[in-house]
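What follows is one structure encoded as structure tokens, with my remarks underneath.
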Amino acid sequence: MKRPILIHPDPRLKKMAAPVADLSDARRELARDMLETMYAAPGIGLAAPQVGVLERLIVLDCVKEEGAAPRPLVMFNPEVTAASDKLNTYEEGCLSIPEQYADVTRPAEVQVRWIDQTGAEREEEFGGLWATCVQHEIDHLNGKLFIDYLGPMKRQMITRKMVKLKREKAKA
Ligand SMILES: [Zn+2]
């Protein structure tokens, strides 16, 4: 089942999400719903706070090649355990900040540890778009958005556009 995605500004997008203590059926269902919501958007990553759940859960699939098999990843309590000194700049966007894009610089490679949907602990190194995406989604769990990396002028401009968009949506 698809879930509505919160649009910035929303206080729930600025909060610290709580660690997940156990994998209940409801949480597995939430992860499935989040993947469905992400693919439908379409997007390459989604964090639980974006659907109003303040828990440390993200989903992502950064396979972009046409015809390539999807690779949905579900990460409970994801943690960056190592980051490269080498940096990479990508033009980022966010399903909670529709149609706004800006360059953000982050470590080019990161090692991430998480609990998957079966309860198994996993650790993997990510590069390229995957590295950018996983860091962007983990930021959401700490109440941080990609526009927080921008200067105040650009951030305020985008926020004003989102306020206007939400007002128009509320009227429709
Ligand atoms: Zn986002």
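The values are calculated or read from the model by the stated rules, or taken from the named source; none is laboratory data. None of the values given here were measured: they were computed from a predicted structure. All Cβ positions, glycine included, derive from the backbone under ideal geometry; neighbour counts span all protein chains shown.
To keep it simple, each residue is scored yes or no on (1) over 17 Å from Thr132 (Cα atoms); (2) touching a helix residue (DSSP H, G or I) at 6+ places or on another chain (Cβ under 8 Å).
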site	(1), (2)
Glu29	yes, no
Thr37	yes, yes
Ala40	yes, no
Glu55	yes, yes
Asp61	no, yes
Glu66	yes, no
Ile97	no, yes
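Elements of the type strands (runs of 3 or more DSSP E) sitting completely within the range 87-171 and holding at least 3 residues that are modelled with pLDDT of 95 or more and under 16 Å from the mean Cα position of the chain (by Cα): these cover 87-94, 97-107, 110-115. From the list Val80, Val104, Val163, Val110, the one residue that fits, being touching an Asp or Glu at 6+ places or on another chain (Cβ under 8 Å) and more than 12 Å from the ligand (Cβ to nearest atom), is Val110. The residues on offer are Gln111, Gln117, and the sole one that is within 24 Å of Gly52 (Cβ to Cβ), of a type in the set (S, T, N, Q) and in contact with a strand residue (DSSP E or B) (Cβ under 9 Å, 6 or more places away or on another chain) is Gln117.
Scanning the range 114-160 for residues that are among the β-branched types (Val, Ile, Thr) and within 14 Å of the ligand (Cβ to nearest atom), which turns out farthest from Asp25 (Cα to Cα)? Only one residue fits best here, namely Ile158.
Within the range 117-129, residues that are at positive phi reach partners that are outside any strand (DSSP E or B) with beta carbons closer than 7 Å, at six or more positions or on different chains, in the pairs Gly119/Leu23.
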